[in-house]
1. How far apart, in nm, are two points set 7 Å out from the Cα along the Cα-to-Cβ line at residue 162 and at residue 367?
2. With each pseudo-label sitting 7 Å past Cα toward Cβ, what's the residue 52-residue 255 distance in nm, one decimal?
3. Within 10 Å, count the other beta carbons around each residue, average over each peptide in 257-268, 372-383, 236-247, and list them highest first.
4. Roughly what % of Cα-Cα distances in segment 350-400 sit above 16 Å, to the whole percent?
5. Would you mind computing, in nm to one decimal, how far apart the modelled labels at residue 137 and residue 279 are, each placed 7 Å from Cα along Cα→Cβ?
6. Efficiency by 1/(1 + (r/R0)^6): what FRET value for residue 220 and residue 150, r their Cβ-Cβ distance, R0 = 56 Å, to the nearest 0.05?
7. Exposure proxy check: 342, 255 ranked by fewest other beta carbons within 10 Å?
8. Residue separation times 0.36 nm, minus the C-alpha to C-alpha distance between residue 111 and residue 89: what's the value?
């Protein structure tokens, strides 16, 4: 248990986004921000200049800080490497979130995360050390993806994609009102009820990670800049010793043996059934079932590639790959078609740079070659999944 004394009289301006706490012998000034707010960007600079702390902690990891500070273009992405590592789903979720935040930020004339970058700049201008206290975003995203069931994954992706076409307007006044009232707490509670695994990884674990990093920061006075949704959780975590949880929440859990067994059992049943059909009913019947399996997988997958407006050779590749990839859990048809699409119709620089804007337009997904890669990943993969169930049902039915 860590002794924390809270002073809820924020600063001379009585700003409700500032929380003063005393942790053991340290003074902590915790600032809750909105990542698309000019007011938050101005506030963090003002507080750092007034307080002159020994260190400034920021809700960023090295990757996100580098992306914000250097404004690296999406063109630096190595799509072939991402596909090879089977991280297209994670990249898509990142891009959708970035696009949604950018759309809201454009309404307010500010880029997402500006207040975090402003905190770093204000600290560096005064020679104050900066501590990047957030967990590696790649660990967070992979833990979130692995902790979510297949049905919740679909729900999550659908919700994210739907958010791109949300025309709700947001203003600085609305953002300020959200931070001052209990709206943030209500949103966190709703997330916990609908997607508890996701809230645990994205919010609760990071509250723990951030609080432990803040406590470990050198200095008698610390300013910490975090999203408003983390403030309540961090204040609670600061009162406890959660250092023993750090190793666990900073690791990517391995795939369970049960999933591995299940992943290999389906193709094993299909292959065994075809062999059994050959022994019981003859080679011609087994051959018919093999042809049916090829067509049941290849046709829906290639239709998916056509709907994605993929390159003609990618469409052919979908037809060839689906019957084979359906017999192994190692790689899916979507990864094969996405890889072919990147080789045959590689996105140009301008399409990387306009991807976040094009995401908010339905036609933009087909117009932009980078986004079309994602369509070429999703639609043929979905077609192959349908074909696997249809073909598998026919083969097993033929056996009996």
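1. 2.5
2. Each label point is offset 7 Å from its Cα along the Cβ direction, giving 5.7 nm.
3. On the way: 257-268: 12.0, 372-383: 25.3, 236-247: 14.8.
Highest to lowest by the protection proxy: 372-383, 236-247, 257-268.
4. On the way: 695 of 1275 pairs.
In whole percent, the long-distance tail amounts to 55.
5. Each label point lies 7 Å from its Cα, and together they span 5.5 nm.
6. Numbers: r = 49 Å, r/R0 = 0.88.
That gives a FRET efficiency of 0.70.
7. On the way: 342 20, 255 10.
Ranked by crowding around the Cβ, least crowded first: 255, 342.
8. Values: separation 22, 0.36 × 22 = 7.92 nm, distance 2.41 nm.
Full-extension gain reported as 5.5 nm.
Just so you know, all these numbers are worked out from the coordinates, no wet-lab data involved. If you're wondering where the values come from, they're calculated on a predicted model, not measured in any experiment. Glycine gets a Cβ as well: all are built from the backbone with ideal geometry, and neighbour counts include every protein chain shown.
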